[in-house]
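> The structure under discussion is supplied below as C-alpha cells; questions concerning it will follow.
Read-outs throughout are calculated quantities, based only on the coordinates presented, and are distinct from any laboratory measurement. Small disclaimer: the values here were computed from a predicted structure and weren't measured. Neighbour counts run over all protein chains shown; Cβ positions are idealised from the backbone, glycine included.
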Amino acid sequence: MPVSIRVAHSPDSDDAFMFYALAAGKIDTGDRRYVHELQDIESLNRRALRGELEVTAVSFHAYAYLHDRYALLPHGCSMGDGYGPRLVAREPLTGDVAQALAGKRIAIPGERTTANLALKLLRSDVTTVLVPFDQIEDHVLDGQSDMGLLIHEGQLTYADRGLHLWADLGQWFKQTTGLPLPLGGNVVRKDLGEAMVKQISKDLRASIVYGLEHRAPALAHAQQYSRGLDPAKTDEFVGMYVNDFTVDYGVVGRAAVQRLLDDACAAGLIPGVRAEFVED
C-alpha cells in the first residue's frame, strides 16, 4: 500500500535541482509517494520545530532546537566551502567589518537561519530585523535597513543593484576554522521508524545523484526557481550548493556541522547538541 511522505524544501534553484528526480518520478521509490511542499527556509524551520513534516530542509541553527525529534539525513546538505551568506550595504566597507557593524540595523532572512547564526558569531550584539529573504535587497536600498544578509540567489546578484559586499560569512568561517560553513540540511522525523528512515535516505541520495548525472534536464527544472538568474548563473549557483558535500557530508562535512554547533554553543547562542546522522 502506498505511503505518502511530505518532503519540504525552499523554492530556490539548488533545492529544486536536488529534488528534481523525486519530483519528476525519475527514480523508483517503491511504495513511497513523495508530496513536495515549497516554502522559505524560516517557515520550514518553524514547521519542523512543531514536528509537522516527515522530511524537510532546515537550517543548522534550527537543528539545535529540533534534534530530539529529527535526525540529519547524510545527503542533501548545502555547504558553503569558502563562500556563503553575504552581508551587503549601500556604501563600501571601510575598516574592520566586526567593528563597523556597531549600531547598524541589519535585515536578516530568519531568526533561526544559519546565516543569522554566523552573523552573531561574527558579532553577537548586532541589531537585526526580520525581512523575507527576497525583499532584503529592496529593504536596504530603500533605507529601511543599513545592511542586508543575503541568502539564495541574491548572493550572486547584489552588485547588479549597486550594493557593496561587507562580508562573505562562508569565507569568514573558512578563514576562522579551516572548514566549510554548513548552512542547511535535510532532516527526517525519527518516529517514522528505522526501516522507513533508511529508505527515505536512499531515495534522497538517488535523487541528488540523478540530478548530477543528468545535469541539463535538472538545471532546466531548477531554472523555474532561479528568480531571474540567467541559465549560466543558475548553473553557477547550483554548482555552489549541490556538490560532493550534498551527495554525502563525509568526514569534513560532519566535522564542519559539529564545529558550527560547538562554536555557537560556546558563544551562548544555542544549547549544546551533538549532530545525529542517519546511517545508510
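> Rounded to the nearest 500, what is the 222 nm mean residue ellipticity of the chain from helices alone, with -39500 (n - 2.57) per DSSP H run of 4+ residues and division by all residues?
Mean residue ellipticity, 222 nm, calculated: -11500 deg cm²/dmol.
> Continuing with this model, one more query. Over the Cα atoms of the chain, compute the convex hull volume and normalise it per residue, giving Å³.
115 Å³
> Counting other beta carbons within 10 Å of each residue's own, what order do Val188, Val55 fall into, fewest first?
Val188, Val55
> Could you work out how far helix 13-23 tilts from the main Cα principal axis of the chain, as a 0 to 90 degree angle to the nearest 10?
For helix 13-23, the angle is close to 10 degrees.
> Now for a different question. Any of Lys120/Lys174; Lys26/Lys198; Lys198/Lys233; Lys104/Lys174; Lys120/Lys233 with alpha carbons more than 27 Å apart? Name them for me.
Result: Lys198/Lys233; Lys120/Lys233 exceed 27 Å.
> Something else about it: Tell me, what are the semi-axes, in whole angstrom and largest first, of the equivalent ellipsoid of the range 214-255 as set by the roots of 5 times the Cα gyration tensor eigenvalues?
Taking √(5λ) for each Cα gyration eigenvalue gives 24, 11, 7 Å.
> What's the extension gain from Gln175 to Arg161 if we count 0.36 nm per residue and subtract their Cα-Cα distance?
That works out to 2.3 nm of additional length.
> So what's the angle, to the nearest 10 degrees on a 0 to 90 scale, between helix 231-241 and the longest Cα principal axis of the chain?
Between the helix axis and the principal axis of the chain, the angle is about 80 degrees.
> Sticking with this one: Restricting the count to DSSP beta bridges whose residues both fall in the chain, what percent are antiparallel, rounded to a multiple of 5?
Roughly 55 percent of the beta bridges in the chain run antiparallel, per DSSP.
> Ala216 versus Leu269, label points 7 Å from Cα toward the beta carbon: distance in nm?
The two pseudo-label positions are separated by 4.3 nm.
> Next question, about the same structure. Which length gain, in nm to one decimal place, applies between Met1 and Leu130 when the Cα-Cα distance is subtracted from 0.36 nm times their residue separation?
My answer for the length gained is 42.1 nm.
> Could you check what % of the DSSP bridge pairs in the range 86-177 are antiparallel, to the nearest 5?
Counting only bridges with both partners in the range 86-177, antiparallel ones make up about 55 percent.
> Taking 0.36 nm per residue of sequence separation and subtracting the Cα-Cα distance, how much length would be gained by fully extending the chain between Glu91 and Asp280, in nm to one decimal?
63.2 nm
> If you fit an axis through the alpha-carbon atoms of helix 194-213 and take the longest principal axis of the Cα set of the chain, what angle between them do you get, 0 to 90°, nearest 10?
The angle comes out at about 70 degrees.
> Scale the Cα Rg of the range 86-177 by the rule-of-thumb value 2.2 N^0.38 Å and send over the ratio, two decimals.
0.96
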